[in-house]
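Below you'll find the structure, written out as structure tokens, and then a few comments.
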Amino acid sequence: MNMRIYPSEAKGKIKAIASKSAAHRLLICAAFADRETVIRCKELNDDIRATAECLRALGADIERRGDSFLVAPVRELRKNALLNCNESGSTLRFLLPVTCMLGADSTFVMSGRLPSRPLSPLWELLEKGGVSLEWTDTNVLSCKGKAEGNDFSISGGVSSQFISGLLFSLAVCRKSGNIKITHKLESEPYVQMTMEALRTFGAEIKRTDDGYSVDGSRGLFSCGEVFAEGDWSNAAFPLAMGAIGKYPVTVTGVNIESTQGDKKIVELLSRFGANIEVNTDEITVSREKLFGIDIDASQIPDLVPVLATVASVAEGKTIIYNASRLRLKESDRLMSVKNMLTSLGADISETEDGLVIRGRKELLGGNTHSFGDHRIAMSAAVAATACKGEVVIEKAEAVEKSYPSFWEDIKNLEIKAEEI
């Protein structure tokens, strides 16, 4: 699917979609709790669907009812289950240590770039515990045996999802233990989200000087009903439209006190020079004169595409650094951000671990590509609002991974867009 966006300015108000990061975590906790849980989560994207389907394969009964999930937990673990993660890194990295520590002898199937995304050092840690891991095809991973142990040491510099997966596994398996983090922990706010979800279900987790301590001996307990909060990662796109456009844009249904790391979009847009108004559960962003800034992306990698887009029309130079992990996402995001913005008239170059952007008054427009990456497709739509000509985005259906209603939502902000 291709989308054509005509020169137009975003204005108005939309509600944030539910956080897929929160939904993943709540589904896993609910699937291994003591009784049924209702999870209020209006959105159902490809990644959330992958986690729900994998948990069903393991024995949970998960039913979609209107804007909610009704989750009846696993009563009898199904071994030799086939777990289709699609392209969801969270699904794979959260459930791999869980199934290994349960001894579920599962097979994981993956799509897109997911098979090429790193599993080390988690792989070696699980094999050291007694599990046999084997690629039986280019996109199929077989896991046999049961991982023993409850004290782990793992680098925090590859993926915070590994640490979250180990936290889940200790709580699900009713173990008490410690996770020692070697090297700097990247994307720590995502681990905080995992801790918050597990605590909601009764687990006792503490941050220690060198990692995390878990008392999972009591198991997980359903709170009956829980809400997946508004998603800051995807709220960033309409908020950025407000920062670079002529009119204010408001996003409702977000929590400024959230543990989500990507709420930093508010601070960063303010640093660029945008005007920010905070009112209870809504954020309004409007344009002032924008200036380039330096951005350490180590804790907020998912914001890099949209921040680079804002930088492309901010006066002066923006340097984004500590973002090398973006080369291992759904696309090589440093390359794809550069190519997408360059094709629309931006002045942007890659470094080994980031991007350098020299802002221009406006962009030109033209044809560009999503590279099959949801965040590149949505960032291209943001860039289109700063273009003097129309923009055509190829493979625009990539937004289905995290924000299926994106194209309808931006039309509600008076962006002129059509499928071609």
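Looking at (1) part of a helix (DSSP H, G or I); (2) surrounded by fewer than 17 Cβ atoms within 10 Å (Cβ to Cβ), which one does Glu414 not meet, given that it meets all the others?
The number of the failed condition is (1).
Would you confirm whether any residue within region 176-185 is in contact (Cβ under 8 Å) with a residue 60 or more places away in the chain, out of contact with any Asp or Glu (no Cβ under 8 Å at 6 or more places or on another chain), outside any strand (DSSP E or B) and surrounded by fewer than 21 Cβ atoms within 10 Å (Cβ to Cβ)?
Of all residues in region 176-185, those in contact (Cβ under 8 Å) with a residue 60 or more places away in the chain come to 184.
Then keep just the ones that are out of contact with any Asp or Glu (no Cβ under 8 Å at 6 or more places or on another chain); that gives 184.
Then drop every residue that is not outside any strand (DSSP E or B), which leaves 184.
Filter once more, so that each one left must be surrounded by fewer than 21 Cβ atoms within 10 Å (Cβ to Cβ): 184.
Checked against the condition, which is being in contact (Cβ under 8 Å) with a residue 60 or more places away in the chain, out of contact with any Asp or Glu (no Cβ under 8 Å at 6 or more places or on another chain), outside any strand (DSSP E or B) and surrounded by fewer than 21 Cβ atoms within 10 Å (Cβ to Cβ), region 176-185 yields at least one hit.
Contact list please: Cβ distance under 6 Å, first residue in region 384-396 and over 12 Å from Ser343 (Cβ atoms), second residue open to solvent by 70 Å² or more (accessible area, probe 1.4 Å) and among the aromatic types (Phe, Trp, Tyr), pairs at least six apart or on different chains.
Glu390/Tyr6
Give the residues of region 175-187 that are under 16 Å from the mean Cα position of the chain (by Cα) and either modelled with pLDDT of 95 or more or polar (S, T, N, Q) (or both), sorted by residue number.
Across region 175-187, the qualifying residue is only Ser187.
Just checking, does region 73-83 include any residue being assigned to a loop (DSSP other than H, G, I, E, B), at positive phi and out of contact with any Asp or Glu (no Cβ under 6 Å at 6 or more places or on another chain)?
Here is the first cut: in region 73-83, the ones assigned to a loop (DSSP other than H, G, I, E, B) are 73-81.
Next cut, at positive phi only: 80.
Keeping just the survivors that are out of contact with any Asp or Glu (no Cβ under 6 Å at 6 or more places or on another chain) gives none.
Checking region 73-83: not a single residue is assigned to a loop (DSSP other than H, G, I, E, B), at positive phi and out of contact with any Asp or Glu (no Cβ under 6 Å at 6 or more places or on another chain).
Which one is surrounded by the most Cβ atoms within 10 Å (Cβ to Cβ) among residues in region 197-236 that are over 17 Å from Gly165 (Cβ atoms), more than 22 Å from the chain's Cα centre (by Cα) and of a type outside the set (D, E, K, R)?
Ser222
Taking the conditions exactly as written (in a loop (DSSP other than H, G, I, E, B) and either surrounded by 18 or more Cβ atoms within 10 Å (Cβ to Cβ) or among the small types (Gly, Ala, Ser) (or both)), does Gly165 satisfy them or not?
no
Only one of these conditions is not met by Thr99: (1) open to solvent by less than 20 Å² (accessible area, probe 1.4 Å); (2) of a type outside the set (Asp, Glu); (3) part of a strand (DSSP E or B). Which number is it?
(3)
Pick from region 150-162 the residues that are touching a residue at least 40 places away in the same chain (Cβ under 8 Å) and open to solvent by less than 40 Å² (accessible area, probe 1.4 Å): which of them is farthest from Ser120 (Cα to Cα)?
Gln161
Which of (1) closer than 30 Å to Ile283 by Cβ; (2) among the β-branched types (Val, Ile, Thr); (3) open to solvent by less than 20 Å² (accessible area, probe 1.4 Å) is the odd one out, the single condition Val131 does not satisfy?
Just one mismatch for Val131, condition (1).
Scan region 55-69 for residues that are crowded, with 16+ Cβ neighbours inside 10 Å and not in a loop (DSSP other than H, G, I, E, B) and jot them down.
Leu55, Arg56, Ala57, Leu58, Ile62, Ser68, Phe69
For region 299-317, which positions are closer than 22 Å to Asn255 by Cα, part of a loop (DSSP other than H, G, I, E, B) and not hydrophobic (A, V, I, L, M, F, W, C)? Give the steps one after another, and end with the answer.
In the first step, residues of region 299-317 are kept if they are closer than 22 Å to Asn255 by Cα; the result is 299-304, 306-307.
Now drop any that are not part of a loop (DSSP other than H, G, I, E, B), which leaves 299-300.
Gln299, the sole residue that qualifies.
Filter region 351-372 for residues that are polar (S, T, N, Q) and closer than 13 Å to Gly389 by Cα; which is most open to solvent (accessible area, probe 1.4 Å)?
Here the residue is Asn367.
In this structure, does Val266 turn out to be part of a helix (DSSP H, G or I) and within 18 Å of the chain's Cα centre (by Cα)?
Taking the combined requirement at face value, the residue satisfies it.
Suppose the filter is surrounded by 18 or more Cβ atoms within 10 Å (Cβ to Cβ) and within 17 Å of the chain's Cα centre (by Cα); does Tyr190 pass it?
So Tyr190 fits the description; yes.
A quick yes/no check of all residues on (1) surrounded by 20 or more Cβ atoms within 10 Å (Cβ to Cβ); (2) hydrophobic (A, V, I, L, M, F, W, C):
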{"position": "Ala240", "(1), (2)": "yes, yes"}
{"position": "Ala243", "(1), (2)": "yes, yes"}
{"position": "Thr250", "(1), (2)": "yes, no"}
{"position": "Val254", "(1), (2)": "yes, yes"}
{"position": "Glu257", "(1), (2)": "no, no"}
{"position": "Gln260", "(1), (2)": "yes, no"}
{"position": "Lys264", "(1), (2)": "no, no"}
{"position": "Asn279", "(1), (2)": "no, no"}
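Could you count how many residues in region 26-54 are out of contact with any Phe, Trp or Tyr (no Cβ under 8 Å at 6 or more places or on another chain) and either aromatic (Phe, Trp, Tyr) or part of a helix (DSSP H, G or I) (or both)?
10
Among the residues in region 102-122, are any in a strand (DSSP E or B), modelled with pLDDT of 95 or more and open to solvent by 10 Å² or more (accessible area, probe 1.4 Å)? Working first, answer last.
Taking region 102-122 and keeping what is in a strand (DSSP E or B), we get 107-110.
Next, only the ones that are modelled with pLDDT of 95 or more stay: 107-110.
Among the residues that remain, those that are also open to solvent by 10 Å² or more (accessible area, probe 1.4 Å) are: 107, 109.
Among the residues of region 102-122, at least one is in a strand (DSSP E or B), modelled with pLDDT of 95 or more and open to solvent by 10 Å² or more (accessible area, probe 1.4 Å), which makes the answer yes.
Please specify each residue of region 80-93 satisfying the condition of being within 14 Å of Ala60 (Cβ to Cβ) and under 19 Å from the mean Cα position of the chain (by Cα). Break it down into steps so the answer makes sense when it comes.
Within region 80-93, the subset within 14 Å of Ala60 (Cβ to Cβ) is 81, 83, 91.
Across region 80-93, the qualifying residue is only Thr91.
Within region 299-316, does at least one residue satisfy the condition of being in contact (Cβ under 8 Å) with a residue 60 or more places away in the chain, open to solvent by 10 Å² or more (accessible area, probe 1.4 Å) and within 24 Å of Ser90 (Cβ to Cβ)?
Within region 299-316 (the criterion being in contact (Cβ under 8 Å) with a residue 60 or more places away in the chain, open to solvent by 10 Å² or more (accessible area, probe 1.4 Å) and within 24 Å of Ser90 (Cβ to Cβ)), the answer is yes, since at least one residue qualifies.
The values are calculated or read from the model by the stated rules, or taken from the named source; none is laboratory data. All of these numbers come straight from a predicted model, not from anything done at the bench. Counting neighbours? That spans all protein chains shown, and the Cβs are built from the backbone with ideal geometry, glycine included. Ligands, DNA and RNA are excluded from the accessible area calculation, which covers all protein heavy atoms including side chains. Shrake-Rupley method; radii C 1.70, N 1.55, O 1.52, S 1.80 Å.
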